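Participant: Got a structure here, written out as structure tokens. Questions coming.
The values are calculated or read from the model by the stated rules, or taken from the named source; none is laboratory data. What you see is a predicted model, and the numbers here were worked out from it, not measured in a lab. Positions of Cβ are generated from backbone atoms using ideal geometry, with glycine treated the same way; all protein chains shown enter the neighbour counts. These accessible areas exclude ligands, DNA and RNA; they are computed on the full protein's heavy atoms, side chains included. Shrake-Rupley method; radii C 1.70, N 1.55, O 1.52, S 1.80 Å.
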Amino acid sequence: MRTIAAIIVLWIATYSLPASAQTTRALFVGIDSYQFSTAKYDNATFKDLRGAVADTIRFKNLLREKYQLDLDRTPQGQCPAAGHPVSTTLLNACATRSAILQALNELIDRSGPKDTLLFYFAGHGSQYADQEYTQSSGYNGTILPTDARDPNAEAEGDILDKELRTIKERAVAKGIYFVSIFDSCNSGTATRDGSAGQSRNVPPLSGTPPARPLGPAPAGPGGGYWVHLAAAQDGEQAQEVGTVGKREGVFTTALIETMRAMPAGTFGDIIREVQAKLALSGQNPMAEGSKDGLKARFGAAAAQAITYDAEPSGTVASLTKAGALSGITVGSVFALYKSETDAVAPGSKELATATVTKVFDYSAELALNTAPTEPLTQRLVAVKKQHAFGDTRLDVANVMTVAAEKKAVDKALVFTKIANVGSNPQVQIAPVEGKPGQAQLLAPDGTPIGDLGAIEDADFVPRLTRKLEKILRVQMLLALRTEPDKAALALCVDDSDYPATSAACPPPEKRNLRVVAKQASTLVTVENLGDKPRYLYVLGIDPAYGVALIIPPPGAVDSKVERLKAHRVPNDPLVLTSPGVYRFVTLATDERIDASAFEQDGTKARSGTACKSVLEKLLCDANRGKRDPSSPKVGNWTATVDTVLVQ
């Protein structure tokens with residue numbers, strides 16, 4: 001679950017444990033023998049497997065040996081005895097639907113903030129068609145417990161991805177780091193199929209899957225994250241290979257090799273290495289995660305840095321998926337690292353720094369500022385050190401009432417280099433009642449945005465600059481919008497249960513605004529109304545100028561959405577936590593972009609009234625078909641802006 005307003009562990013012996021290390025708990029599920037496979041029923045639609053249990057034991061042994069986890073030692077052929085403090089292992093007949101779900105929920109109950117919960121599954125996976133919760137493939141994923149597909153049962157017994165989502169949400173709300181690893185087919189969403197290439201795939205569910213309501217948003221302190229590593233993308237088969245008497249899942253084998261070699265790597269680096277190992281296999285592992293989750297190490301908190309893919313070429317480097325449509329500007333400075341692990345590690349030294357010299361729609365060119373400290377690797381990771389705003393400025397009103405304070409604020413605004421004192425302000429700097437010498441940011445209508453602290457503080461100027469930059473970056477994002485009637489996009493943000501088609505989307509309730517309830521599970525659906533397939537991206541902007549990527553989910557490998565098709569991310573419903581106006585920017589492009597580059601935390605939650613502030617008015621104008629004449633339009637892409645009122 002992602003909020004807009006807002007594993008495995010411990011180190012190998014050669015690394016020291018962090019002082020604040022918490023408990024790592026785990027559920028291991030491996031199924032070779034199914035109760036309703038062809039081995040038991042002639043009319044069954046899938047075979048037993050031979051490598052899933054072995055994979056589970058191998059992966060469990062890796063964690064025990066390399067990460068020094070004190071895991072259960074449940075013998076094969078026996079179901080686990082209750083009471084092991086940190087792990088449960090369910091193999092073959094023990095891995096029933098009820099046992100898996102019960103074990104997950106019990107482990108969550110035992111866990112608290114900053115604990116890690118790992119769910120490893122090796123077995124069969126499948127899909128189901130679901131128009132209300134469609135992936136871009138038109139299907140969603142399932143995993144098969146040992147008692148799934150009972151021909152005499154009313155329900156087919158698969159565990160659906162949306163059921164696992166509710167479990168994941170509950171864990172994250174408690175502040176838990178939830179990590180799932182599936183070596184199964186279609187596991188990009190939830191599931192494994194594999195002969196000397198035997199698939200871990202089962203035919204899709206027949207008919208309509210059982211309705212399993214979303215339920216209320218889980219409550220808790222928050223602070224958790226989720227990461228999902230999958231053997232195969234939606235619609236793909238996960239293979240198990242080997243000789244007589246021994247079989248292995250190719251994904252689990254590559255994962256074990258990678259984690260042995262880089263035990264302190266981020267999830268992002270781990271999955272990229274696994275993808276490289278399996279590049280010629282026809283199987284494409286993938287990863288998804290909540291904001292910053294893929295930048296975390298097993299058992300550690302998520303890193304906050306936004307990273308970009310880069311490639312070197314002599315004295316020049318390129319951002320390969322980030323350009324003007326990702327908010328990159330000429331003059332911005334980046335640090336270059338050889339891996340994401342290095343890029344997010346505190347105190348890690350960069351290979352070099354580079355400045356953006358050219359920006360294109362989908363990429364950017366950088367010139368190296370310094371000689372590399374070592375030869376540049378084929379793949380680089382870039383982190384922005386300084387953002388250049390060029391000639392773009394933010395109109396600010398200084399309404400301080402004490403002459404000396406007003407003069408000091410005017411001087412500070414000059415030092416920010418991004419502010420103009422304007423007659424049509426987009427933000428105000430005002431005194432704080434009862435706190436002489438302190439200032440705050442206000443919207444033009446007087447709504448508080450955030451405190452600036454004492455004007456005489458040495459860090460007043462950098463603090464003011466950071467907060468104004470957040471607002472200015474949102475302005476630049478909103479300025480991407482093109483003519484709504486030419487965008488060929490339809491976005492629906494609603495907290496009711498509606499099918500994933502724009503025709504069924506409820507109409508706006510109030511002054512061209514959609515209205516949703518605070519803390520409600522909110523579905524976001526975007527439809528491609530154009531004449532060809534396009535990549536679709538949705539960014540949400542909260543009342544405090546925080547920006548989060550909604551579609552695709554962070555870390556997902558997005559695919560083009562066919563014309564007249566809708567896309568929704570059912571595994572990660574939105575929860576809007578603060579009352580006020582939220583804005584949603586939808587981009588449709590011919591090439592992939594790094595839309596997560598726009599993400600930023602909000603300054604401070606605030607309430608608001610629709611169309612009162614300048615930013616909100618810009619959005620309302622966009623909804624009425626108006627457009628800022630300065631809005632850029634270069635290349636074959638479109639952008640729209642929609643508004644939601646949370647109350």
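Participant: Could you list all residues from the stretch 387-407 that are within 41 Å of the chain's Cα centre (by Cα) and among the small types (G, A, S)?
Facilitator: Restricting attention to the stretch 387-407, the residues satisfying the condition of being within 41 Å of the chain's Cα centre (by Cα) are 387-400.
Within the stretch 387-407, A388, G390, A397 meet the criteria.
Participant: Among (1) of a type outside the set (K, R); (2) crowded, with 20+ Cβ neighbours inside 10 Å; (3) in a helix (DSSP H, G or I), there is one condition L441 misses while meeting the rest; what is its number?
Facilitator: Unmet for L441, out of (1) of a type outside the set (K, R); (2) crowded, with 20+ Cβ neighbours inside 10 Å; (3) in a helix (DSSP H, G or I): (3).
Participant: I want to confirm something. Restricting to the stretch 422-438 and keeping residues that are touching a Leu at 6+ places or on another chain (Cβ under 9 Å) and small (G, A, S), which single residue is surrounded by the fewest Cβ atoms within 10 Å (Cβ to Cβ)?
Facilitator: For the stretch 422-438, the residue satisfying everything is G422.
Residues are listed down the side, and each one gets a yes or a no for (1) modelled with pLDDT of 85 or more; (2) aromatic (F, W, Y); (3) part of a loop (DSSP other than H, G, I, E, B); (4) more than 28 Å from A26 (Cα to Cα):
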| residue | (1), (2), (3), (4) |
| --- | --- |
| A303 | no, no, yes, no |
| Y308 | yes, yes, no, yes |
| P312 | yes, no, no, yes |
| K321 | yes, no, yes, yes |
| F334 | yes, yes, no, yes |
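Participant: On to the next question. Residues of the stretch 471-486 being more than 18 Å from D391 (Cβ to Cβ) and surrounded by fewer than 19 Cβ atoms within 10 Å (Cβ to Cβ), which ones? Explain how you work it out, then say what you get.
Facilitator: We begin by selecting, within the stretch 471-486, every residue more than 18 Å from D391 (Cβ to Cβ); these are 481-486.
Passing the criteria: E483, D485, K486.
Participant: For the condition touching a Lys or Arg at 6+ places or on another chain (Cβ under 9 Å) and of a type in the set (G, A, S), what is the one hit in G265, G293? Steps first, please.
Facilitator: Numbers: G293 fails: touching a Lys or Arg at 6+ places or on another chain (Cβ under 9 Å).
G265 is the lone residue from the list that is touching a Lys or Arg at 6+ places or on another chain (Cβ under 9 Å) and of a type in the set (G, A, S).
Participant: Name every residue in the stretch 344-358 that is closer than 20 Å to P312 by Cβ and either open to solvent by 50 Å² or more (accessible area, probe 1.4 Å) or modelled with pLDDT of 90 or more (or both), in order of residue number.
Facilitator: Once the filter is applied, which keeps residues that are closer than 20 Å to P312 by Cβ and either open to solvent by 50 Å² or more (accessible area, probe 1.4 Å) or modelled with pLDDT of 90 or more (or both), the stretch 344-358 yields K349, E350, L351, A352, T353, A354, T355, V356, T357, K358.
Participant: Could you look through the stretch 76-114, keep only residues that are surrounded by 14 or more Cβ atoms within 10 Å (Cβ to Cβ), touching a Leu at 6+ places or on another chain (Cβ under 9 Å) and part of a loop (DSSP other than H, G, I, E, B), and pick out the one that is modelled with the lowest pLDDT?
Facilitator: Among residues in the stretch 76-114 that are surrounded by 14 or more Cβ atoms within 10 Å (Cβ to Cβ), touching a Leu at 6+ places or on another chain (Cβ under 9 Å) and part of a loop (DSSP other than H, G, I, E, B), the one modelled with the lowest pLDDT is H84.
Participant: Determine if the stretch 443-450 includes at least one residue that is more than 26 Å from S332 (Cα to Cα), aliphatic (A, V, I, L, M) and within 35 Å of the chain's Cα centre (by Cα).
Facilitator: So far as the stretch 443-450 goes, yes, one or more of its residues are more than 26 Å from S332 (Cα to Cα), aliphatic (A, V, I, L, M) and within 35 Å of the chain's Cα centre (by Cα).
Participant: Would you please name the residue that is most open to solvent (accessible area, probe 1.4 Å), looking only at residues in the stretch 444-470 that are assigned to a loop (DSSP other than H, G, I, E, B) and closer than 22 Å to Y582 by Cβ?
Facilitator: Narrowing the stretch 444-470 to residues assigned to a loop (DSSP other than H, G, I, E, B): 444-447, 455-459.
Checking which are closer than 22 Å to Y582 by Cβ leaves us with 444-447.
Working: P444: 47, D445: 62, G446: 36, T447: 22 Å².
Taking the candidates together, the pick is D445.
Participant: Search the stretch 230-250 for residues being open to solvent by less than 10 Å² (accessible area, probe 1.4 Å) and over 22 Å from the mean Cα position of the chain (by Cα), and hand back the single one that is modelled with the highest pLDDT. So that I can check it myself, show each step before the final result.
Facilitator: Filtering the stretch 230-250 down to residues open to solvent by less than 10 Å² (accessible area, probe 1.4 Å) leaves 230-232, 238, 240, 249.
Add one more test, that the residue is over 22 Å from the mean Cα position of the chain (by Cα), and what stays is 238, 240, 249.
Values: A238: 69, E240: 67, G249: 83.
This residue is G249.
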